[in-house]
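The values are calculated or read from the model by the stated rules, or taken from the named source; none is laboratory data. Just so we're clear, the structure is a prediction, and the values are computed from it rather than from any experiment. When we count neighbours, we look across all protein chains shown, and the Cβ atoms used for this are built from the backbone with ideal geometry, even at glycine. The accessibility values were calculated without ligands, DNA or RNA, using every heavy atom of the protein model including side chains. Shrake-Rupley method; radii C 1.70, N 1.55, O 1.52, S 1.80 Å.
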Amino acid sequence: MGSLYGRIAVGILVMQDVFAVLLMSATSGSLPSIWALSLVLLWPAAKLMKALLDKVGHGDLQVLYAAFLALVVGSACLRRLASRGTWVHWSWA
């Protein structure tokens, strides 16, 4: 992600998501969950994941690393949050 246009696009998408969450919490009339503050921890985690991506190498290993992050790590985080019933209102069948 060294190109200027790539960084701008990702920055716009992240800000769009932040504003969408703020708008949804403002219009719902309730405060966000305390777990929403844990999103701040994603910044250092992203730096760690990028450092690991640099160590992984190139080619097929990058695809496997991305699939691992999306499916295993993402699923574990989602299950953890779903068990608390804060963000996800459906269950894994």
How many residues are open to solvent by 80 Å² or more (accessible area, probe 1.4 Å) and in a helix (DSSP H, G or I) when one looks only at region 15-51?
-> 19
Going by the structure shown, is residue 78 loosely packed, with under 10 Cβ neighbours inside 10 Å and modelled with pLDDT under 80?
-> no
Total residues in region 54-65, condition at pLDDT below 85 and aliphatic (A, V, I, L, M) = 1
Quick one: residue 6 ticks every box in (1) modelled with pLDDT of 80 or more; (2) under 24 Å from residue 65 (Cα atoms); (3) loosely packed, with under 10 Cβ neighbours inside 10 Å except a single one, so which number is it?
-> (3)
